[in-house]
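The values are calculated or read from the model by the stated rules, or taken from the named source; none is laboratory data. Fair warning: this is a prediction, and the values are worked out from it, not measured in the lab. Backbone-built Cβ (ideal geometry, glycine too); neighbour counts: all protein chains shown. SASA here: full protein model, heavy atoms, side chains in, ligands and nucleic acids out. Shrake-Rupley method; radii C 1.70, N 1.55, O 1.52, S 1.80 Å.
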Amino acid sequence: KVTIKGIERELICPACKELFTHPLILPCQHNVCHKCVKEILFAFEDSFADGGSESSNQSSPRIRISSSSMDRIDRISRSGRKRNSLTPRSTLFPCPGCQRDIDLGERGINGLFRNFTLETIVERYRQAARAAIAIMCDFCKPPPQESTKSCMDCSASFCNECFKIHHPWGTVKAQHEYVGPTTNFRPKILMCPEHEMERVNMYCEICRRPVCHLCKLGGCHANHRVTTMSSAYKTLKEKLSKDIEYLISKESQVKAHITQLDLLLKETEVNDFKRAKEEASQNFEKLFHVLEEKKSATLRAIETSKNLRMEKLQSQAEEYQGLLENNGLVGYAQEVLKETDPSCFVQTAKQLHVRIQKATESLKSFRPAAETTFEDFVVDISEQEEILSDLSFHSKGIETPEINEEQTRMYNRALISWECPGKRDSADIYVLEYHKLNREEENVAWQEIEVCSKSKVIPDLDDDSSYAFRVRAYKGSICSPWSREVILRTPPAPVFSFLFDDKCGYNSEHLLLNPRRTSVESRAGFPLLLGSERMQVGCYTTLDYIIGDTGIAKGKHFWAFHVEAYSYLVKVGVVSSNKIQKLFHNTHDVASPRYEQDSGHDSGSEDAFFDSLQPLTLVTLGMKKFFIPTTPAAPKDPASRILPLPSCLGICLDCDKGKVGFYDAGCMKCLYECEVDCSGIMYPAFALMGGAAVHLEEAVMAKYGEYCDDI
């Protein structure tokens with residue numbers, strides 16, 4: 001038997017720190033009081049309107065939002081996270097249980113279920129706590145009698161006499177369900193919050209919540225995997241019972257851990273706390289000392305420069321003062337002019353004349369002896385200020401995460417993945433930051449995202465742009481250093497989605513498509529061997545073509561694909577709709593027309609004629625090489641036209657400018673570009689010969705949810 005007193009901790013709301021009152025189940029499976037949810041939502045919404053959270057927690061003294069939650073609200077406000085008025089309204093709720101921002105959907109609080117099971121347990125706890133207080137009958141005349149039972153259909157408590165009066169034998173009310181005295185009345189049937197007249201009879205395994213048949217037919221759960229309520233009840237109850245039995249069997253181990261934790265609590269309070277506090281204080285004292293020394297040295301340098309400048313300006317002012325009549329140098333010269341003895345005059349006047357000439361020259365080109373501004377003494381602290389603002393606890397227990405460039409992808413969205421070098425996950429949460437590289441702006445603000453997993457999908461990045469990414473780990477208030485920055489470039493144009501066309505010209509004897517039509521493989525089997533009966537020396541076999549199932553009429557588009565390393569010969573490019581017939585007509589020839597009995601040609605001139613009639617723009621790939629086509633602008637040296645084949649190749653078609661470019665999709669570097677006739681609808685085109693395979697790059701999908709799978 002469970003002791004009610006022992007489970008009090010599980011019955012406390014994480015927001016108000018009191019017993020639950022009408023608890024609601026959040027999508028992250030945490031419970032919060034109905035009133036607390038509304039108050040937190042008001043505080044959260046006010047933080048966006050006010051641009052901060054100074055007064056957001058003053059709306060109600062009942063809720064106690066943690067400092068970490070308020071910091072998260074501030075971060076979201078500063079990052080400019082706003083809703084688009086043109087998109088369906090989506091309510092964000094900062095869960096006080098898991099410290100994450102939960103999307104409540106369009107219905108917001110109205111789409112949440114009430115946790116009647118938890119409500120019943122809380123009521124049992126309250127009754128155990130107030131066992132001496134009896135529940136009185138709701139229908140007795142004063143003074144009321146103590147109730148003996150409560151009717152769940154009437155939502156009222158009765159004494160024996162009143163129950164018989166209001167539930168007469170042989171009537172419908174006699175069939176009502178009754179329990180012992182209680183103040184907690186819950187409905188007998190759980191109704192759907194979205195379709196209020198429908199009872200829930202299924203369980204959505206994706207959203208982990210009960211749903212009705214209308215939710216499954218045409219609601220937001222239409223494409224989700226659901227199971228019957230009885231099956232979900234049986235499965236979850238078996239799992240929960242099994243886990244509870246396991247925990248009970250480990251009671252001695254739990255008690256040992258509790259003893260160890262008690263010792264750690266004492267050790268933390270006595271030793272580690274004081275030591276960490278002293279070390280932090282000493283480190284800041286060192287910083288203060290360094291700053292004080294730098295401040296004193298800077299002020300002394302400014303004072304010395306001021307005195308030196310004033311001495312120079314004062315000396316220059318005295319020199320110019322001497323140029324006035326009857327004063328200084330001029331007055332002395334006037335007295336020398338009074339000398340009548342030629343020899344004595346010449347003896348003195350020679351040196352005096354040199355000084356007078358220098359004074360005259362300085363008067364013509366007057367320039368102050370020193371500058372009055374102190375621009376050279378401006379201290380630039382921007383870099384140090386950034387470092388100090390990033391100052392936080394760095395612990396050896398938290399490893400610095402590193403972005404995994406092999407698993408990181410940049411396509412229609414950016415998928416950033418990271419891992420810890422030690423392969424152990426000691427962090428509570430990760431913070432991913434990114435910003436667009438812009439040469440014009442020096443100090444660009446980083447955009448910040450909190451992530452609970454080790455990967456994140458980032459949408460809505462600008463095309464043909466470079467972005468820098470970095471990540472750090474947090475465990476409580478302690479954080480790791482930032483990871484090494486990784487720079488990724490977005491595609492040069494919006495990503496174009498298509499599948500291989502299995503109807504138009506598709507040769508099922510030579511080519512093999514996967515069921516999803518995202519991969520094609522050429523089969524060099526019996527058809528090729530049978531065709532080789534007509535082959536002679538110097539002839540060639542034909543290529544098997546396949547195109548995309550969607551065309552492009554205008555604009556600029558980009559798509560990417562992988563070519564298997566074992567592929568012998570693959571051609572990729574684009575084809576116009578008015579040349580598709582000619583394309584697939586040419587593929588039925590098996591031998592060169594030079595050796596066809598009915599061709600009538602026996603020279604190589606027909607090869608040039610064949611090249612001039614190619615109905616599409618292609619480049620050749622094969623044997624792990626990329627071959628730049630022979631054009632007047634191409635390098636004359638054949639070796640310089642052969643490049644290593646990228647692991648992922650991309651094609652950018654600009655219909656408006658009539659150009660097609662071939663890219664290394666890993667770094668978005670253009671390998672080759674040429675003009676193309678875009679008069680018709682353009683289709684992606686591929687050609688394979690021998691053993692070869694092409695796989696279309698799959699789009700980066702946005703994750704439905706990032707909640708931990710607790711059940």
Quiz item: Among 279-292, 465-478, what's the highest-first ranking by average C-beta atoms within 10 angstrom per residue?
Solution: 465-478, 279-292
Quiz item: If you roll a 1.4 Å probe over the heavy atoms of the protein chains, what accessible area per residue do you get for region 402-490, in Å²?
Solution: 54 Å²
Quiz item: When only the heavy atoms of the protein chains count and the probe is 1.4 Å, how do Ile135, Ile387 rank by accessible area, highest first?
Solution: Ile387, Ile135
Practice problem: Give the cross-link partners of Lys582 among the lysines, using a straight C-alpha distance below 19 Å as the criterion and excluding same-chain residues fewer than 8 apart. | Solution: Lys503, Lys571
Practice problem: Heavy atoms only, probe 1.4 Å: what % of the accessible area of region 133-234 goes to carbon and sulfur, would you let me know? | Solution: 57 percent
Quiz item: Computed FRET efficiency, Cβ-Cβ of Gln316 and Gln282, R0 35 Å: what is it to the nearest 0.05?
Solution: 0.10
Quiz item: Which lysines have a Cα less than 16 Å from the Cα of Lys350, not counting those fewer than 8 places away in the same chain?
Solution: Lys338, Lys358
Exercise. Using a 1.4 angstrom probe on the protein heavy atoms only, line up Ser576, Ser249, Ser453 by accessible area, largest first.
Key: Ser249, Ser453, Ser576
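List, in the order given, every pair from Lys456/Lys556; Lys17/Lys234; Lys556/Lys579; Lys164/Lys234; Lys38/Lys277; Lys35/Lys239 whose Cα-Cα distance in the structure shown is over 30 Å.
Lys17/Lys234; Lys164/Lys234; Lys38/Lys277; Lys35/Lys239
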Self-check item: Nearest-20 debye value, region 402-490 charge dipole, Cβ charges on Lys, Arg, Asp, Glu
Solution: 420 debye
Exercise. Report the FRET efficiency, 1/(1 + (r/R0)^6), for Lys669 and Lys295, where r is their Cβ-Cβ distance and R0 is 41 Å, rounded to 0.05.
Key: 0.25
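Express the carbon and sulfur contribution to the solvent-accessible surface of region 402-490 as a percent, rounded to the nearest whole number, probe 1.4 angstrom.
It is 41 percent, rounded to a whole number.
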Self-check item: In Hz, Karplus ³J(HN,Hα) per residue of region 144-154 (6.51, -1.76, 1.60; θ = phi - 60°; x = Gly, Pro)
Solution: x, 8, 6, 6, 10, 7, 10, 8, 6, 7, 8
Quiz item: What number comes out for the charge environment of Arg225, summing +1 per Lys or Arg and -1 per Asp or Glu over other residues with Cβ under 12 Å away?
Solution: +1
Quiz prompt | Residue among Ala317, Tyr233, Leu264 farthest towards the positive dipole end of region 226-346, charges placed on Cβ | solution = Tyr233
Quiz prompt | Cross-link reach list, lysines versus Lys255, counting only Cα pairs under 23 Å and skipping chain neighbours closer than eight places | solution = Lys1, Lys5, Lys242, Lys266
Exercise. Obtain the nm distance between the two label points defined at Glu335 and Lys358 by a simple spin-label model: each point lies 7 Å from its Cα along the Cα-to-C-beta direction.
Key: 2.0 nm
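Give me the 1.4 Å probe accessible area per residue for region 231-364, excluding ligands and nucleic acids, in Å².
Ligands and nucleic acids excluded, the figure is 86 Å² per residue.
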Practice problem: Give the peptides 156-164, 371-379 in descending order of average Cβ contacts within 10 Å, highest first. | Solution: 156-164, 371-379
Exercise. Quote the FRET efficiency, to the nearest 0.05, computed for Thr372 versus Lys436 with a Förster distance R0 of 51 Å and r equal to the Cβ-Cβ distance.
Key: 0.75
Exercise. Give the peptides 663-672, 167-176 in descending order of average Cβ contacts within 10 Å, highest first.
Key: 663-672, 167-176
Quiz item: Quick one: length gained pulling Glu8 to Gln145 fully straight, 0.36 nm per residue minus the C-alpha distance?
Solution: 46.2 nm
Exercise. State whether region 93-203 is rounded, prolate or oblate according to the following rule on the C-alpha gyration tensor (a ≥ b ≥ c being the square roots of its eigenvalues): a/c under 1.5 gives rounded; otherwise a/b larger than b/c gives prolate, and the remaining case gives oblate.
Key: oblate
Quiz item: Given labels modelled 7 Å from the Cα in the Cβ direction, how far is it in nm from Gln175 to His195?
Solution: 2.5 nm
Exercise. Give me the accessible area of Met410, 1.4 Å probe, in Å² rounded to the nearest 10.
Key: 30 Å²
